[in-house]
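The values are calculated or read from the model by the stated rules, or taken from the named source; none is laboratory data. Remember, predicted model here, so these are calculated numbers, not experimental data. For neighbour counting, all protein chains shown are included, and Cβ atoms are generated from backbone atoms with ideal geometry for every residue, glycine included. Surface accessibility is based on the protein's heavy atoms, side chains included, excluding ligands, DNA and RNA. Shrake-Rupley method; radii C 1.70, N 1.55, O 1.52, S 1.80 Å.
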Amino acid sequence: MTAGEICALAAACGFELAGVARALPAADRNRYHDWVAAGHAGEMRYLTDRRAAVRDDPRSLLPSARSIICAGKVYNTPWPYSTRFDDPGRAWISRYAWGGDYHLEMRCSLERLDALIRERTSPDMESKICVDTAPLLERSYARLAGLGWIGKNTCLINQRLGSWVFLGELLVSLVIEPDAPPAPDRCGTCTRCIDACPTGAIPAPYTLDSRRCISYLTIELRGAWPEEPRDTGTHVFGCDICQDVCPWNRRAAVTADPAFAAAHFAPPLEELAGLSETEFGTMFIGTPVSRARYSGFLRNVAIAMGNSGQAKFREALSRLAASDDSVVAEAARRGLEKLG
């Protein structure tokens, strides 16, 4: 099959972007190891343990791999960006987590693509589906496949669609010649993402220090909230600021896929603070928000309440400060201190 035929099949499976890269070690893999060595991965051990070396070569995941089919789905919905939303009484949840779990959505579409390719080639084709959690430098291969360039905020940016795109890969044993060159870097002299980050998580272009990133703090970090940074606004799960301010997202594509529709857009902080563990599970079942876990989520809510400057949250924070969960209680006490 040709790369063009692959892209046509990918479109039939609901992907807005698709391309092919060779299943060889990515030329920029040393950047990843330098990033890990600098400590920028924080406590995300799945990025620094034995799996770090596996990321060097996609054939570690599928020895027979010869090609990587990279595909993308737009998840942007017609709701305001966080930089255009000003309600300190409500929580901000990252845009990618508004709908269903993208891992399942992407995997389902990649399974369809895999089946279509087998029908047209050979049922003996060997393949492996990767969506986010696999040890693969997916943005590097997406760039090599022509899907976009890696911006100064480290997100993949497509000139036509913007950066609100989920990525997934299908490693196959077929030899498919790529037909698109790597996309050129079009960030130019722009530094809006760097300048807008409230915690200084982008210390240099194309470098993200996860330890200061709001997404890392509210999703990946377990346990007590660090002393610094504390300027995290009312974010309770993830952050979109560096993408919200990107000029390439001014006219970003919008999806009509109901799987990515907002089920809980900016819910009231007071409502979230009163959720029981069962209610939390019910409210966010099947969404990425569940990854924060109940304790971590309440911790984030308490920090957000303190950052809001709203005196009306004192009662809810006082209740959380009496929690048997030491992490939640400590965060609530910090929130109360912040309110004064």
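Give me the percent of the accessible area of the chain that comes from carbon and sulfur atoms, probe 1.4 Å, all protein chains in place.
Working: 7560 of 15040 Å².
Roughly 50 percent of what the probe reaches on the chain is carbon or sulfur.
Give me the angle, in degrees from 0 to 90, between the Cα long axis of helix 293-308 and the longest principal axis of the Cα atoms of the chain, rounded to the nearest 10.
60 degrees
If you filter the stretch 256-340 for GluC sites (Glu not before Pro), then keep DSSP loop positions with at most 16 other Cβ within 10 Å, what is left? It would help to have the intermediate numbers written out before the result.
Values: sites: E270, E271, E277, E279, E315, E330, E337; in loops: none.
Those that pass, being in a loop and sparsely packed, number zero.
Once you place label points 7 Å from the Cα toward the Cβ at E177 and R291, how far apart are they in nm?
So the label points at E177 and R291 sit 3.8 nm apart.
Which lysines, if any, have their Cα less than 25 Å from the Cα of K128, not counting same-chain residues under 8 positions apart?
K73
Work out, step by step, the length gained on full extension between R160 and A204: first 0.36 nm times the residue separation, then minus their alpha carbon distance; give nm to one decimal.
Values: separation 44, 0.36 × 44 = 15.84 nm, distance 2.55 nm.
Gain in length upon complete extension: 13.3 nm.
As a test question: what accessible area, to the nearest 10 Å², does M1 have when a 1.4 Å probe is rolled over all protein chains in place?
M1 exposes around 70 Å² with every protein chain in place.
Distance between the C-alpha centers of the stretch 149-194 and the stretch 91-115? Whole Å please.
That distance is 18 Å.
Between the stretch 1-59 and the stretch 62-90, how far is it from one alpha carbon centroid to the other, in angstrom?
Each part reduced to its Cα centre gives a spacing of 16 Å.
Taking 7 Å along the Cα-to-C-beta vector as the label spot, tell me the T278-E43 distance in nanometres, rounded to one decimal.
2.9 nm
Return, ordered by residue number, the residues of the stretch 33-56 whose backbone nitrogen is under 17 Å from a label point located 7 Å along Cα→Cβ of D132.
Within reach of a label on D132, which here means backbone N under 17 Å from a point 7 Å along Cα→Cβ, the stretch 33-56 contributes 44-47.
What stretch of the chain, leaving out the sites themselves, is the longest with no trypsin sites (Lys or Arg not before Pro) in a DSSP loop having at most 16 other Cβ atoms within 10 Å? Walk me through the numbers on the way to the answer.
Working: sites that count: R50, R160, R186, R222, R230, R250, R251.
With a cap of 16 other Cβ atoms within 10 Å, the longest stretch comes to 51-159.
Could you tell me the calculated FRET efficiency between L24 and R251, based on Cβ-Cβ distance and R0 = 22 angstrom, to the nearest 0.05?
Values: r = 35 Å, r/R0 = 1.58.
With a Förster radius of 22 Å, E is 0.05.
Pulled fully out, how much extra length does the chain show between R222 and R50, if you take 0.36 nm times their separation in residues and subtract their Cα-Cα distance?
Details: separation 172, 0.36 × 172 = 61.92 nm, distance 2.11 nm.
Contour length minus the Cα-Cα distance gives 59.8 nm.
Accessible area per residue of the chain at 1.4 Å probe, in Å²? Could the numbers behind the result be given before it?
Working: 15040 Å² over 340 residues.
About 44 Å² of surface per residue is accessible.
Go through C7, V20, Q243 and say which Cα lies farthest out towards the positive end of the charge dipole of the chain; charges sit on Cβ, +1 for Lys and Arg, -1 for Asp and Glu.
It is Q243, whose Cα lies furthest towards the positive end.
Taking 0.36 nm per residue of separation and subtracting the Cα-Cα distance, what length does fully extending E271 through R107 add? List each step's numbers first, then the result.
Details: separation 164, 0.36 × 164 = 59.04 nm, distance 3.29 nm.
Extra length from E271 to R107 when fully extended: 55.8 nm.
Give me the accessible area of S60, 1.4 Å probe, in Å² rounded to the nearest 10.
S60 exposes around 70 Å² with every protein chain in place.
Go through the chain and flag any cysteine with no other cysteine's C-beta closer than 4.7 Å, please.
Singleton cysteines: C7, C13, C70, C108, C130, C155, C187, C190, C197, C213, C239, C246.
Which value does Rg/Rh take for the stretch 21-160 over its C-alpha atoms, Rh per Kirkwood?
1.00
Taking only Cα atoms, what is the 0 to 90° angle, nearest 10, from helix 326-339's long axis to the longest principal axis of the chain?
The two axes meet at around 60 degrees.
If you put +1 on each Lys and Arg Cβ and -1 on each Asp and Glu Cβ, how big is the dipole of the chain around its Cα centre, in Debye rounded to 20?
Values: 39 positive and 41 negative charges, 99 e Å.
Once rounded to the nearest 20, the dipole reads 480 debye.
Net charge within 13 Å of E228 by Cβ-Cβ distance, Lys/Arg positive one each and Asp/Glu negative one each, not counting E228 itself? Display every interim value, and only then the final one.
Values: positive: R211, R212, R230, R334; negative: D209, E227, D231.
Cβ neighbours under 13 Å give a net charge of +1.
With N residues in the stretch 1-82, what two-decimal value do you get for its Cα radius of gyration over 2.2 N^0.38 Å? Let's see the in-between values first.
On the way: Rg = 16.7 Å, N = 82, 2.2 N^0.38 = 11.7 Å.
Normalised by 2.2 N^0.38 Å, the Cα Rg of the stretch 1-82 equals 1.42.
So if we plug the beta-carbon distance of E5 and W79 into 1/(1 + (r/R0)^6) with R0 = 30 Å, what FRET efficiency do we get, rounded to 0.05?
The computed FRET efficiency comes out at 0.25.
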